[in-house]
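Before any comments, here is the structure.
Since every read-out is calculated from the coordinates, none of them should be taken as a lab result. Fair warning: this is a prediction, and the values are worked out from it, not measured in the lab. Here the Cβ positions follow ideal geometry from the backbone for every residue, glycine too, while neighbour counts run over all protein chains shown.
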Amino acid sequence: IFSDALTPEKVERIRAFCQGRIGMAFGIGTNFTNDIGVAPMNMVIKMVEARPEGQGWLPVVKLSDVPTKNTGDPEMIALAKKVLSMGSS
């Protein structure tokens, strides 16, 4: 899920690049939820579990371009990186 500092223009660039290559989803962000002219709050909302239809809740991981911002169980982060051929950083 793309979510970092999104603007409508950035979403369009990402969509154009990824079209036909991978599935895409975009997270809500400051530029999409605060357009009334007041200073935005500095907060982050992160998904910690998902519930696929007909199943129980499952933990999720978040992989970031900044390794210290990865979230989730460290073993699952390592597994996700291995599956996605992302190395061990």
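As a test of the formula, what do you get for the chain when each DSSP H run with n ≥ 4 contributes -39,500 (n - 2.57) and the sum is divided by the residue count, at 222 nm and rounded to the nearest 500 deg cm²/dmol?
-7500 deg cm²/dmol
Taking the simple approach of a point 7 Å from Cα along Cα-to-Cβ for both Trp57 and Ile1, what is their distance in nm?
Placing both labels 7 Å beyond Cα along the Cβ direction yields 1.5 nm.
Just need the relative contact order of the chain here, percent rounded to a whole number, with Cα pairs under 8 Å and 6+ apart.
So the answer I get is 17 percent.
Between Val11 and Ile45, how high is the FRET efficiency from 1/(1 + (r/R0)^6) when r is the Cβ-Cβ distance and R₀ = 25 Å? Nearest 0.05.
Once rounded, the FRET efficiency stands at 0.90.
Shape of region 47-89 from its Cα gyration tensor (a ≥ b ≥ c, root eigenvalues): rounded if a/c is under 1.5, otherwise prolate when a/b > b/c, or oblate?
Because a/c hits 1.5 or more and a/b exceeds b/c, region 47-89 counts as prolate.
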